[in-house]
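The block underneath contains the structure these notes are about, expressed in structure tokens.
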Amino acid sequence: MTGSIATAAGAAPAMPAPPGHAGGAWKPETMHVRINGAMLAMSSIGPHDGMPLIVLHGGRGFGTHEGVFETYAPLAGAFRIIGFDMRGHGESEALPPFTFSQMVRDIETIRQDLCGGRRIVLLGGSFGGMIALSYAITHPDHLAALILRGTAPSWHHEIGALESFRARASRAPMATEGMLDKLFTPTIENDEEFRLIMFALAPLYAEDPKSVDLDRMLSHVSRVRYNARVHNDLFADHSYDVVDRLAAIPCPTLVFCGAQDWICPPDQSRLIASRIPHATLEIVADANHGVPGPVALQLVSRFLEKQGLPG
């Protein structure tokens with residue numbers, strides 16, 4: 001066993017089965033679960049004995065699992081969908097260390113103690129995709145399938161992101177290269193500076209640059225929990241690079257991204273797919289960093305069905 005787990009109430013080695021699903025409509029369950037010392041906010045939907053599909057959120061230092069969990073919740077029944085806020089993110093406890101290796105240990109503890117040690121399908125986008133890749137090279141035999149959305153296999157994607165920023169700078173007139181540099185280094189001064197940087201950069205994530213709604217972006221950014229300490233710690237060891245280890249990932253892998261992804265450009269997804277032996281690549285036209293939910297769900301559903309999962 002790689003870690004320890006307990007429910008908020010005190011101790012239960014396995015997550016209880018979700019509430020009933022009258023009429024075939026599974027109902028999500030939300031809880032706080034102690035994973036390796038940190039109390040993590042978690043959601044689950046689907047049969048307790050279903051194949052686990054663990055979804056990982058993006059947003060290093062500010063992401064939460066709600067969006068990605070909602071996107072793939074329709075797969076409940078065939079799968080048991082599990083999402084959680086990584087330590088220091090969202091409603092989860094900010095208990096260090098905040099490192100890639102710790103996030104991998106947390107996923108492995110969830111797999112062992114909440115999923116009965118079964119093989120899992122692991123899905124992650126952006127930062128979550130980097131964690132998913134880190135897990136895959138650490139525990140390759142524990143995966144039934146790997147799904148990666150708009151991510152990168154090394155920190156070198158930052159070079160392409162800077163080029164994208166320069167080409168699209170007019171979309172985000174308040175943003176600067178200095179802000180982008182802070183986003184890619186452990187140099188953000190405090191939580192409020194983090195919030196301001198993300199508001200300035202927000203237009204670059206818009207699917208349609210002609211219809212950017214700054215008021216909506218302001219409302220969203222004002223509600224998000226930004227943790228500069230978590231961000232900085234996750235960037236402190238600027239050595240994330242698994243390119244030369246991708247060939248050792250044995251499971252079927254779906255790699256997809258938006259054709260207009262500015263921060264993890266498509267060449268990064270192409271690189272991943274070219275190195276993983278059993279990878280399928282999908283480039284989504286007219287999509288940016290966040291592939292629209294219905295499109296992502298369709299791609300993932302089709303991929304899993306083709307693999308005969310759950311089998």
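Being surrounded by 18 or more Cβ atoms within 10 Å (Cβ to Cβ) and either within 30 Å of residue 108 (Cβ to Cβ) or modelled with pLDDT under 95 (or both) is true for just one of 225, 229. Which residue is that? Walk me through it before giving the result.
Values: 229 fails: surrounded by 18 or more Cβ atoms within 10 Å (Cβ to Cβ).
Checking each option against the conditions leaves just 225.
Quick grid of which residues meet (1) in contact with a strand residue (DSSP E or B) (Cβ under 8 Å, 6 or more places away or on another chain); (2) open to solvent by 70 Å² or more (accessible area, probe 1.4 Å); (3) not in a helix (DSSP H, G or I):
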{"position": "196", "(1), (2), (3)": "no, yes, no"}
{"position": "210", "(1), (2), (3)": "no, yes, no"}
{"position": "251", "(1), (2), (3)": "yes, no, yes"}
{"position": "257", "(1), (2), (3)": "yes, no, yes"}
{"position": "263", "(1), (2), (3)": "no, no, yes"}
Practice problem: Scan (1) farther than 20 Å from residue 55 by Cα; (2) surrounded by fewer than 17 Cβ atoms within 10 Å (Cβ to Cβ); (3) out of contact with any strand residue (DSSP E or B) (no Cβ under 6 Å at 6 or more places or on another chain) for the single condition residue 292 breaks and write down its number. | Solution: (1)
Exercise. Return a yes/no flag: does the range 163-182 have any residue that is more than 27 Å from residue 271 (Cβ to Cβ) and open to solvent by less than 20 Å² (accessible area, probe 1.4 Å).
Key: no
Exercise. Look through the range 265-289, keep the residues that are in a helix (DSSP H, G or I) and either among the small types (Gly, Ala, Ser) or over 27 Å from residue 169 (Cα atoms) (or both), and return whichever of them is most open to solvent (accessible area, probe 1.4 Å).
Key: 275
Quiz prompt | The lone exception for residue 226 - which of (1) closer than 20 Å to residue 258 by Cβ; (2) of a type in the set (Phe, Trp, Tyr); (3) touching an Asp or Glu at 6+ places or on another chain (Cβ under 6 Å) it fails | solution = (1)
Quiz item: Across the range 218-270, what is the total count of residues that are under 18 Å from the mean Cα position of the chain (by Cα) and among the β-branched types (Val, Ile, Thr)?
Solution: 6
Practice problem: Scan the range 179-194 residue by residue and report those that are assigned to a helix (DSSP H, G or I) and either within 20 Å of the chain's Cα centre (by Cα) or within 19 Å of residue 290 (Cα to Cα) (or both). | Solution: 180, 183, 194
Self-check item: Matching residues in the range 46-72 - criterion: being under 18 Å from the mean Cα position of the chain (by Cα) and among the hydrophobic types (A, V, I, L, M, F, W, C)
Solution: 53, 54, 55, 56, 62, 68, 69
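Would you check which residues across the range 1-48 are part of a strand (DSSP E or B), at pLDDT below 80 and open to solvent by less than 20 Å² (accessible area, probe 1.4 Å) and list them? So that I can check it myself, show each step before the final result.
Step one: filter the range 1-48 for residues part of a strand (DSSP E or B), giving 5-7, 29-35, 38-45.
Now restrict to residues that are at pLDDT below 80: 5-7.
6, the sole residue that qualifies.
Would the range 186-205 turn up any residue that is among the aromatic types (Phe, Trp, Tyr) and at pLDDT 95 or above? I'd like the intermediate steps shown before the answer.
First, pick out the residues of the range 186-205 that are among the aromatic types (Phe, Trp, Tyr): 194, 199, 205.
Checking which are at pLDDT 95 or above leaves us with 194, 199.
Yes, because at least one residue in the range 186-205 is among the aromatic types (Phe, Trp, Tyr) and at pLDDT 95 or above.
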Quiz item: Of the residues in the range 137-182, how many are of a type in the set (A, V, I, L, M, F, W, C), farther than 20 Å from residue 101 by Cβ and either touching a residue at least 40 places away in the same chain (Cβ under 8 Å) or touching a Ser or Thr at 6+ places or on another chain (Cβ under 8 Å) (or both)?
Solution: 5
Practice problem: Check whether at least one residue in the range 116-128 is open to solvent by less than 20 Å² (accessible area, probe 1.4 Å), closer than 23 Å to residue 252 by Cα and among the aromatic types (Phe, Trp, Tyr), and report yes or no. | Solution: yes
Quiz item: Within the range 49-57, is even one residue open to solvent by less than 10 Å² (accessible area, probe 1.4 Å), assigned to a helix (DSSP H, G or I) and in contact (Cβ under 8 Å) with a residue 12 or more places away in the chain?
Solution: no
Self-check item: Subset of the range 139-159 (residues that are of a type outside the set (D, E, K, R), open to solvent by 10 Å² or more (accessible area, probe 1.4 Å) and either touching a strand residue (DSSP E or B) at 6+ places or on another chain (Cβ under 9 Å) or at pLDDT 95 or above (or both))
Solution: 139, 140, 142, 155, 156
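Across the range 207-217, what is the number of residues that are under 21 Å from the mean Cα position of the chain (by Cα) and of a type in the set (A, V, I, L, M, F, W, C)? Give the steps one after another, and end with the answer.
Applying the first criterion (under 21 Å from the mean Cα position of the chain (by Cα)) to the range 207-217 yields 207, 217.
Of the ones still in play, those that are also of a type in the set (A, V, I, L, M, F, W, C) are 217.
Of the residues in the range 207-217, 1 are under 21 Å from the mean Cα position of the chain (by Cα) and of a type in the set (A, V, I, L, M, F, W, C).
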Exercise. Select from the range 266-293 the residues that are over 18 Å from residue 57 (Cα atoms), in contact (Cβ under 8 Å) with a residue 40 or more places away in the chain and not hydrophobic (A, V, I, L, M, F, W, C) and list them in ascending order.
Key: 267, 268, 275, 286
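The values are calculated or read from the model by the stated rules, or taken from the named source; none is laboratory data. From a predicted model like this one, the values you see are computed outputs, not experimental measurements. Note: ideal-geometry Cβ built from the backbone for every residue, glycine included; neighbour counts use all protein chains shown. For the accessible areas, the whole protein counts, side chains as well, though only heavy atoms, and no ligand, DNA or RNA atoms are used. Shrake-Rupley method; radii C 1.70, N 1.55, O 1.52, S 1.80 Å.
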